[in-house]
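A.B. asks: Please find one structure pasted underneath; my questions will follow.
The values are calculated or read from the model by the stated rules, or taken from the named source; none is laboratory data. These numbers were taken from a predicted model, which means no experiment stands behind them. Here the Cβ positions follow ideal geometry from the backbone for every residue, glycine too, while neighbour counts run over all protein chains shown.
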Amino acid sequence: MATKYLLPEDQIPTSWYNVAADLQTPPPPPLHPGTHQPAGPDDLAPLFPMGLIMQEMSTEPTIEIPDEVREIYRLWRPTPMIRARRWEKALGTPAKIFYKYEGVSPAGSHKLNTAVAQAWYNREEGIKKLTTETGAGQWGSALSLACQLLGMECLVYMVKVSYFQKPYRRSMIRVWGAEVIPSPSDTTECGRAMLALDPDSPGSLGMAISEAVEVAVKRDDTHYSLGSVLNHVTLQQTVIGQECLAQMELADAYPDFVVGCVGGGSNFAGIAFPFVGENIKKGKKTRCIAVEPAACPTMTKGIYAFDYGDTAKFTPLLKMDTLGHDFVPPGIHAGGLRYHGMAPMVSHLHQLGLLEARSVMQTEVFESGISFSRSEGIIPAPESNHAIAVVRQLAEDCKQSGDEKTILFNLSGHGHFDMASYDNYLDGKLEDFAYPEEKIKEAMKTLPKV
């Protein structure tokens, strides 16, 4: 029987945790794409409201959550932390396995934590419409709901391969009042240029970002919103890890390992950063492990360098683990993890040795997710299955060694709209793909010279 650790509504965090405040070595600032000089608030103002820009650059230890944002959080927060006793038994491991279940949000994933906050800060500064990109659709659906709750318009560019792989997330976006367009599209100059180069392009998050940014910068009443990568996004996800700290006290336990999947880095940062802070401030020894697809090995095979966040080179240059902004990923089913770069703060902590990275193959990912589901009942999103695969590896290590370690992972979303992916796995149609070293080396040649 699973054991749930629940917090009352009055224990929703009142502030977001800023890991930057606890670092002796600050991360490099973003650079202006034209001058390659540090980007200031005015450089970012065409895309973001000043409230978020100040969070992006903040070194304050905490930032207060606005009352209206916290009130909307009450629709689903605090989320449950659950001990996976049945899965532990099925694996035959002495490890204690806990998971934080973010799939209980109305949008079905952790993405709503930052979507509500970003929409609120934009609305407060008079912005009427937000544009964005989405991979598998979790972010697009979350932002469309946030805009609906706060009375704003929303336009979503969805990576073309996911647009057709994930039709029901596309439907969610429309139900919540947003417009959704497959990317690359003929609705923007950069989209038309991309289609001219490859009419059959499957798209990429970098391409979709370019289209969303192009639309935003042409209108005074419109801003761009990013679902991962940037500091203010990872900051706003730390409600996850802060709740876990309190729930671990309820469970009379503390994690030896904290595990999360990474594409842009937000859900992993959300659960891991508060524990990284405990390691720094209190000498705790939790190992935080970021898990990515072998088909998109940003942290395990990419390089740490300044790069654009998008294909058309509209965004500031970010110092991050990257595969190069021209990277076009294969059409693996974990659409939310098909991004060429990694959150600068996650990348910085990786460089400092404060967290680890592993990559896993697609078939192991689905095999592990089904193992979890057949014990615990929840069908995870393909993205979350990456974390589950490494948790299973750790549980097997404990089985071999006899160590009674405690493992916490972020089950960042449910997979109810990803069942075609599961069908492909169960029918033996999924193929493993490790991104070739030679293609990575080729992509590195186009990195900006900084």
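A.B. asks: Quick check on T222: is it within 30 Å of E60 (Cα to Cα), modelled with pLDDT of 95 or more and surrounded by fewer than 24 Cβ atoms within 10 Å (Cβ to Cβ)?
C.D. replies: Here the answer is yes, as T222 does meet what is asked.
A.B. asks: Pick from A272, A251: which is over 28 Å from E133 (Cβ atoms) and in contact (Cβ under 8 Å) with a residue 12 or more places away in the chain?
C.D. replies: Values: A272 fails: over 28 Å from E133 (Cβ atoms).
The match here is A251.
A.B. asks: Considering only segment 239-257, I want to know if a residue exists there that is in a strand (DSSP E or B) and farther than 21 Å from E153 by Cβ.
C.D. replies: Within segment 239-257 (the criterion being in a strand (DSSP E or B) and farther than 21 Å from E153 by Cβ), the answer is yes, since at least one residue qualifies.
A.B. asks: Could you say whether any residue in segment 28-51 is of a type outside the set (D, E, K, R), on the phi > 0 side of the Ramachandran plot and at pLDDT below 95?
C.D. replies: Yes, some residue in segment 28-51 is of a type outside the set (D, E, K, R), on the phi > 0 side of the Ramachandran plot and at pLDDT below 95.
A.B. asks: For segment 1-52, how many residues are of a type in the set (S, T, N, Q) and either under 21 Å from the mean Cα position of the chain (by Cα) or assigned to a strand (DSSP E or B) (or both)?
C.D. replies: 3
So that you can scan it fast, the table gives a plain yes or no per residue for (1) surrounded by 19 or more Cβ atoms within 10 Å (Cβ to Cβ); (2) farther than 22 Å from F275 by Cα; (3) polar (S, T, N, Q):
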{"residue": "L7", "(1), (2), (3)": "no, no, no"}
{"residue": "P13", "(1), (2), (3)": "yes, no, no"}
{"residue": "V19", "(1), (2), (3)": "yes, no, no"}
{"residue": "H36", "(1), (2), (3)": "no, yes, no"}
{"residue": "L47", "(1), (2), (3)": "yes, yes, no"}
{"residue": "G51", "(1), (2), (3)": "no, yes, no"}
{"residue": "M81", "(1), (2), (3)": "yes, no, no"}
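A.B. asks: Under the condition of being touching a Cys at 6+ places or on another chain (Cβ under 9 Å) and part of a loop (DSSP other than H, G, I, E, B), which residue from segment 162-184 is surrounded by the fewest Cβ atoms within 10 Å (Cβ to Cβ)?
C.D. replies: Top of the filtered list is G177.
A.B. asks: Next question. Residue by residue through segment 382-424, note down the ones that are modelled with pLDDT of 95 or more, in contact with a His (Cβ under 9 Å, 6 or more places away or on another chain) and either surrounded by fewer than 18 Cβ atoms within 10 Å (Cβ to Cβ) or among the small types (G, A, S) (or both).
C.D. replies: Across segment 382-424, the qualifying residues are S384, S412, G413.
A.B. asks: When you look at S359, is it small (G, A, S), in contact with a helix residue (DSSP H, G or I) (Cβ under 6 Å, 6 or more places away or on another chain) and surrounded by 23 or more Cβ atoms within 10 Å (Cβ to Cβ), yes or no? First the steps, then the outcome.
C.D. replies: Numbers: small (G, A, S): yes; in contact with a helix residue (DSSP H, G or I) (Cβ under 6 Å, 6 or more places away or on another chain): yes; surrounded by 23 or more Cβ atoms within 10 Å (Cβ to Cβ): no.
No; evaluated as a whole, the condition is false for this residue.
A.B. asks: Could you please find all residues in segment 129-161 being in a helix (DSSP H, G or I) and in contact with a Leu (Cβ under 7 Å, 6 or more places away or on another chain)? Full working, then the answer.
C.D. replies: Looking only at segment 129-161, we keep the residues that are in a helix (DSSP H, G or I), and these are 138-149, 160-161.
Those that are in a helix (DSSP H, G or I) and in contact with a Leu (Cβ under 7 Å, 6 or more places away or on another chain): A142, L143, L145, A146, C147.
A.B. asks: Just give me the residues in segment 122-136 being buried (at least 24 other Cβ atoms within 10 Å of the Cβ) and either over 12 Å from the mean Cα position of the chain (by Cα) or over 25 Å from K218 (Cβ atoms) (or both), in sequence order.
C.D. replies: Once the filter is applied, which keeps residues that are buried (at least 24 other Cβ atoms within 10 Å of the Cβ) and either over 12 Å from the mean Cα position of the chain (by Cα) or over 25 Å from K218 (Cβ atoms) (or both), segment 122-136 yields N122, L130, T131, T132, E133, A136.
A.B. asks: Evaluate the following for D256: is it under 18 Å from I407 (Cα atoms), among the acidic types (D, E) and without any contact (Cβ under 8 Å) to a residue 24 or more places away in the chain? Don't jump to the end; show me each part of the working.
C.D. replies: Details: under 18 Å from I407 (Cα atoms): yes; among the acidic types (D, E): yes; without any contact (Cβ under 8 Å) to a residue 24 or more places away in the chain: no.
No: the conditions fail for D256.
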